[in-house]
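All remarks here apply to the structure that follows.
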Amino acid sequence: MSVKKKFDVFEHELVPKHILLTREEAKVILKKLGIYPWQLPWIRASDPAARALGARPGDVIMIIRKSPTAGISIVYRYVIPG
């Protein structure tokens, strides 16, 4: 009998670092950007990375990507149902 190993999406080299922000952290970032949460690009709660983080609709996720031209790129996503 074999035991299934749970797959960790973040171990893949092409998946950037995802960080689930607290409500307070999200509030500070949104105020700094001068926007409402729904004005951010969306990510569905069913997305494998969002599911792995335990993100729920209304949460904000910070994504840190490595870029050969920009060095590090930080983007934010608003979690929606789905």
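Of the residues LEU40, LEU33, LEU14, the one with the fewest other Cβ atoms within 10 Å heads the list, and the complete ranking is LEU14, LEU33, LEU40. Beta-bridge orientation, the chain: approximately 80 percent antiparallel, per DSSP, counting only bridges with both partners inside. The Cα-based radius of gyration and maximum Cα-Cα distance (Dmax) for the chain are 14.4, 55 Å.
The ranking of LYS27, LYS6 by Cβ neighbour count inside 10 Å, starting from the fewest, reads LYS6, LYS27. Compared with the dominant Cα axis of the chain, that is its longest principal axis, helix 23-33 is turned about 50°. With contacts taken as Cα pairs under 8 Å and at least 6 residues apart, the stretch 3-82 reaches a relative contact order of 34 percent.
Give me the one-decimal nm value for the distance between modelled label points at ILE74 and ILE35, 7 Å along each residue's Cα-to-Cβ direction. Reported label-point gap for ILE74 and ILE35 is 1.4 nm. Net charge in the neighbourhood of PRO16 (other residues with Cβ under 12 Å of its Cβ; Lys, Arg +1, Asp, Glu -1) is +3.
Taking amide H as placed 1.01 Å from N in the peptide plane, the amide H of ALA45 sits under 5 Å from that of ILE80, GLY82, each at least 5 places away or on another chain. Placing unit charges on the Cβ atoms only, positive for Lys and Arg and negative for Asp and Glu, gives the chain a dipole magnitude near 80 debye about its Cα centre.
Values quoted throughout were computed directly from the atomic coordinates according to the rules given, and no laboratory measurement underlies them. Small disclaimer: the values here were computed from a predicted structure and weren't measured. Ideal geometry is used to build each Cβ from the backbone, glycine not excepted, and the neighbour counts take in all protein chains shown.
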